[in-house]
């Protein structure tokens, strides 16, 4: 007589969730850190994302869509941070104003320049570029996530790179195509 182990739905659910955490936590952290530029806050965002994902793991129908699903949860969690914040009013005499001519090491560095340049891009160009570069999404995944056609995503990615290049070089986009 052979005894077949019975797999409970909880253990199956737990294994699915553990696999998501193992494979996607690094990608989620990188994206969260890019959004908030704070290590502790990025870790909190990822933790809250996984907590929400655990609560609704049954709604995940396709494992191929897990990354997009988690990124969406993360983006919403980041937005919720600002919905809950109440502006703090300070006395103007208590504010320490720094000399704007001095650059911080982060801003002077390459990553600071690229971040600043990406923030200058319109959201319709910045979002797909971030999803591809930081999230590792394919064009098809980006298209599904942003409700666009694959061709529109490819066009936006191409234009985003051109605009980013122009900003980094301090040129107008038209100047990039001028022949020597």
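Throughout, read-outs are computed from the coordinates displayed, never taken from laboratory work. These figures come from a predicted structure and were not determined experimentally. Backbone-built Cβ (ideal geometry, glycine too); neighbour counts: all protein chains shown.
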Legend entry - Separation of the residue 169 and residue 151 label points, Cα + 7 Å toward Cβ, nm: 2.8
Legend entry - Computed E for residue 23/residue 52 - FRET, C-beta separation, R0 22 angstrom, nearest 0.05: 0.80
Inset, instruction - Report relative contact order for the stretch 110-180 in percent, whole number only (criteria: Cα-Cα under 8 Å, sequence separation at least 6). - result: 32
Inset, instruction - Evaluate the distance, in nm, between pseudo-label points positioned 7 Å from the Cα of residue 162 and of residue 60 along their respective Cα→Cβ axes. - result: 3.8
Legend entry - Rg/Rg_globular for the stretch 110-180, with Rg_globular taken as 2.2 N^0.38 Å and Rg from C-alpha atoms: 1.15
